């Protein structure tokens with residue numbers, strides 16, 4: 001008769017694979033001085049061997065690396081497949097492009113991690129302490145300056161500057177000069193507008209203003225300026241650039257840093273717990289820069305004549321025969337740009353912390369390491385932008401017209417008969433917009449917020465779908481504008497008027513979500529890609545400029561979200577009415593009405 | 001009032017993205033009742049590791065598991081393996097013996113318990 005043991009008892013008895021160490025042996029014994037007080041002992045730094053460091057670092061790196069791979073690789077693969085299957089052209093420099101894409105992935109990975117370690121601690125400390133310690137005007141001044149700083153640090157701004165090199169000075173003198181001689185002023189104006197938007201958005205948190213009148217007040221002068229510029233033959237080419245600038249500003253640096261400050265101010269005033277706090281700044285930050293750029297363009301047009309600009313450009317190109325300095329040629333330029341983008345912001349944040357708040361910096365080493373990572377990431381990303389994203393976007397853009405028309409330098413063009421090729425090109429851009437938006441991580445977060453905000457009336461899935469649909473249709477419309485060459489304001493003025501009408505009809509929650517969703521969709525990967533694609537199409541079509549796709553991609557989701565919001569509300573209202581009519585109300589009907 | 005004795009509390013402090021896997025493993029190992037989890041921020045290792053410390057996620061999930069003292073070691077092992085706690089930065093767990101636990105015990109469980117006690 002065999003004896004019976006409980007397996008648990010057996011395991012406990014033999015203690016399989018367990019080693020017991022007393023914690024007292026690991027820690028130094030407490031020492032007392034002669035008075036019996038404890039002497040504090042500095043514990044030595046923990047030393048890890050190579051294997052342990054590998055085990056610690058590997059999951060940390062792989063999570064971040066894969067996060068970026070997931071957003072970049074599907075887009076790149078889609079673009080390549082489109083080139084090979086539909087356009088039947090193989091990318092000649094695929095090694096360079098692969099390297100560039102790798103640089104984009106690595107650069108974004110370092111940049112985002114550096115942002116988290118190095119810049120966000122500043123943002124949270126300043127956001128939570130500054131509003132309590134300083135008077136409101138000073139806080140608003142810091143907000144304004146922060147808006148300028150973050151715009152310079154935004155990775156997508158580099159793409160805008162790069163776009164200036166391909167503009168012909170004879171065809172569009174004002175566009176050329178804004179992107180070249182005046183490019184510093186352009187970014188400055190955009191930054192100032194973002195700063196003003198942040199100030200106004202913060203005041204809105206504080207006093208609980210509705211977003212609707214702000215949208216009307218920003219849009220009316222904007223549409224007037226658009227029409228005024230579009231009817232002026234010299235300024236016509238600036239319209240696309242101005243509207244695209246709005247989409248570029250709301251990226252991964254601006255949104256969290258400005259929001260941290262705005263929400264901090266609101267909560268210091270005891271107004272932070274409204275569900276809508278945090279919304280609105282993104283909206284204003286994507287509308288104000290457009291006004292700013294238009295005003296700058298008008299200023300330039302009053303001070304300079306087109307002839308002067310052309311003469312100056314020819315003069316400059318004649319003078320540029322001397323060898324450019326190291327910071328003006330490719331690898332050096334990107335690095336210089338990266339350093340110049342981040343350092344002013346860091347110095348500004350540090351000065352605010354030291355001079356105004358007089359707060360010590362916690363985890364100094366970690367923060368400095370994070371800043372270093374941010375700069376390194378920005379430099380690598382800029383390299384990737386030049387050799388990867390902008391190149392592939394430009395190449396595909398240059399090839400798209402070959403699908404339906406004769407393009408110089410491509411033997412088989414037109415590849416398809418006009419109608420088929422045109423449909424393929426539009427369908428391609430539609431799918432690109434839809435896929436890229438669905439993959440955007442920031443949109444998921446917005447979806448969760450929306451579902452909470454509207455008590456489940458507006459489902460996360462509905463938001464994801466309608467935003468993606470809006471972006472897709474917007475990009476197609478922008479591409480159609482380039483292909484058929486009609487002026488951009490034909491598209492902008494009616495769609496924004498429609499958006500204003502929908503804003504008037506919708507409730508506050510939907511207005512907030514809808515207008516903010518536009519800023520969310522234009523991340524650091526979508527912006528350079530779409531911008532480069534548009535410019536590529538533009539130059540292949542011999543169009544004056546290729547801007548305008550991005551701004552259509554931001555108005556698309558606004559309209560789509562508000563329409564589906566109105567529809568969701570209408571449906572909920574109808575169900576509620578039906579439930580009231582059909583007495584007695586069953587529980588399942590009640591539940592449905594709530595949905 | 002029914003009072004439960006022979007209960008142990010296993011507290012697991014683990015990486016956020018692993019907490020779902022750990023809860024699943026713990027439930028499979030028999031910790032079917034009394035699991036709660038909450039967010040927390042860890043301190044210590046990050047500061048003492050120097051530069052590699054940034055790889056230690058400060059945001060942690062804390063999972064509290066109430067287990068019978070017989071299940072204790074099985075669940076303890078299951079959590080250890082599911083959470084890869086033998087890797088630096090992944091967290092730790094500890095067992096606290098509990099003197100008494102009071103809660104509602106379903107009638108059916110009590111009658112069944114009485115029957116088996118009689119049978120024995």
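Residue B:50 fulfils the conditions (1) within 11 Å of another protein chain (Cβ to nearest Cβ); (2) closer than 30 Å to residue A:110 by Cβ; (3) buried (at least 18 other Cβ atoms within 10 Å of the Cβ) except for a single criterion, (3). Number of residues in the stretch A:17-54 that are facing chain B (nearest Cβ under 9 Å) and under 33 Å from the mean Cα position of the chain (by Cα) equals 0.
For the stretch B:1-41, enumerate the residues that are part of a loop (DSSP other than H, G, I, E, B) and either away from chain A (no Cβ under 14 Å) or crowded, with 19+ Cβ neighbours inside 10 Å (or both).
Narrowing the stretch B:1-41 to residues part of a loop (DSSP other than H, G, I, E, B): B:1-2, B:5-6, B:29-34.
Result: B:1, B:2, B:5, B:29, B:31, B:32, B:33, B:34.
Examine the stretch A:95-102 for a residue that is within 14 Å of chain B (Cβ to nearest Cβ) and in a helix (DSSP H, G or I), and state whether such a residue exists. The answer is no; no qualifying residue exists. For residue A:73, indicate whether it is surrounded by fewer than 16 Cβ atoms within 10 Å (Cβ to Cβ) and either part of a helix (DSSP H, G or I) or within 14 Å of another protein chain (Cβ to nearest Cβ) (or both). Here the answer is yes, as residue A:73 does meet what is asked.
Within the stretch B:59-87, take every residue that is without any contact (Cβ under 8 Å) to a residue 40 or more places away in the chain and over 15 Å from residue B:19 (Cβ atoms) and give me the one that is farthest from the other protein chains (Cβ to nearest Cβ). Residue satisfying both the conditions and the ranking: B:86. Only one entry of A:129, A:84 meets the criterion of being part of a helix (DSSP H, G or I) and in contact (Cβ under 8 Å) with a residue 12 or more places away in the chain, and that entry is A:129.
Listed here are the residues, each with its yes/no results for (1) surrounded by fewer than 18 Cβ atoms within 10 Å (Cβ to Cβ); (2) more than 30 Å from residue A:226 (Cα to Cα); (3) over 26 Å from the mean Cα position of the chain (by Cα); (4) at pLDDT 80 or above.
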site	(1), (2), (3), (4)
A:536	no, no, no, yes
A:543	no, no, yes, no
A:580	yes, yes, yes, no
A:583	yes, yes, yes, no
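Among what's in the stretch B:86-114 and is surrounded by 11 or more Cβ atoms within 10 Å (Cβ to Cβ) and closer than 30 Å to residue A:61 by Cβ, pick the residue that is nearest to the chain's Cα centre (by Cα). Among those that are surrounded by 11 or more Cβ atoms within 10 Å (Cβ to Cβ) and closer than 30 Å to residue A:61 by Cβ, it is B:93. The lone criterion from (1) within 14 Å of chain A (Cβ to nearest Cβ); (2) at pLDDT below 85 left unmet by residue B:94 is number (2).
The values are calculated or read from the model by the stated rules, or taken from the named source; none is laboratory data. Note that the coordinates shown come from a computational prediction; the quantities given were computed from them, not determined experimentally. A quick note on method: Cβ atoms are made from the backbone with ideal geometry, for glycine too, and the neighbour counts reach across all protein chains shown.
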